[in-house]
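J.: If you scroll down you'll find the structure; I have some questions about it.
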Amino acid sequence: MKKQYKITGLYYQTQGFNFRKYLDLKNVKLSCKTPDLMVIMMNPGGSYPLDKIDNNTTASEAIPDRTQSQVIQVMQNAGFNYARVLNLSDIREPKSNLFYDKIAELDTKGIAHSIFDDTRKEDLSQLWVNTATVIYGWGVSNKLKPLALKAIAACNASNPYGILKAGTNWAYYHPLPPIHSKQIEWVKEVSKQLKT
């Protein structure tokens, strides 16, 4: 997988917090310049730069995690070559309970940690590709609802893909649910959606 895909991200720091602005997953065998797939997920989790520079102005190679592997499987199944991952929040925190606490702390400090925030419209317009297919997969915790609704409004995607939780208009299941069978199901279902 590593050889077939180049994985790069832009890592930065603000007020002592570690963030990632975006992540690109690109098929190295093809010379595509623009993402053909945009994937919106919860946050960068434990993602880190290979060069160990946490505050950079250019993208650096990143270590792929299991969630990215799920996205790559969908790309392979449905014939996509270049995915860009944006997140509801840029904060790098692998533990979700700590993640929710950190969101509250960042909001209190007035740090615009979401690329979908009104103050970061320029960031979003530089990274968003209107012509790309869109997958939503940030998870279904109610704590994410305000960020999810903000992202849906900012993306304005006419036909997003993903697995929407029944009875909601914002809660899309995460690509890497805790149960292995559900992980397989996510790849299968989203791949099927993209192929039809």
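Please treat every number below as a calculation from the coordinates, not as lab data. Just so we're clear, the structure is a prediction, and the values are computed from it rather than from any experiment.
J.: Give a residue-ordered list of calculated ³J(HN,Hα) values for the range 8-15 (Karplus: 6.51 cos²θ - 1.76 cosθ + 1.60, θ = phi - 60°; whole Hz; x for Gly, Pro).
T.: Whole-Hz 3J(HN,Hα) from phi for the range 8-15: 10, x, 9, 9, 8, 10, 9, 6.
J.: Right, something else. Search the structure for amide H atoms under 5 Å from the amide H of Val39, placed 1.01 Å from N in the peptide plane, and list their residues when 5 or more places away or on another chain.
T.: Under 5 Å from the amide H of Val39 lie the amide H atoms of Arg84, Val85, Leu86, Ile135, each far enough along the sequence or on another chain.
J.: Sticking with this one: Taking amide H atoms as placed 1.01 Å from N in the peptide plane, list the residues 5 or more away in sequence, or in a different chain, whose amide H sits under 5 Å from that of Gly45.
T.: Placed amide hydrogens put Glu93 under 5 Å from Gly45.
J.: By how many nm would the segment from Lys188 to Thr34 grow when fully extended, if each residue of separation counts as 0.36 nm and the alpha-carbon distance is taken off?
T.: Here the segment from Lys188 to Thr34 would lengthen by 52.9 nm.
J.: If the cut-off is 16 Å between C-alpha atoms, which aspartates and glutamates fall inside it for Lys21, apart from same-chain ones fewer than 8 positions away?
T.: Asp54, Glu61, Asp90, Glu93, Asp117, Asp118, Glu122, Asp123
J.: Now a separate question. Any idea how far the Cα center of the range 118-196 sits from the one of the range 76-101, in Å?
T.: One Cα centre to the other: 10 Å.
J.: Please list, in order along the range 96-102, the HN-Hα scalar couplings obtained from phi with the Karplus expression 6.51 cos²θ - 1.76 cosθ + 1.60 (θ = phi - 60°), rounded to whole Hz, x for Gly and Pro.
T.: Calculated HN-Hα couplings, in order: 4, 5, 6, 4, 5, 5, 5 Hz.
J.: Further question: Would you mind calculating the relative contact order of the chain from Cα pairs under 8 angstrom and at least 6 residues apart, reporting the percent as a whole number?
T.: 23
J.: Go through the range 86-93 residue by residue and turn each phi into a ³J(HN,Hα) via Karplus (6.51, -1.76, 1.60, θ = phi - 60°); whole Hz please, and just put x for glycine and proline.
T.: 10, 10, 4, 9, 7, 5, 8, 8
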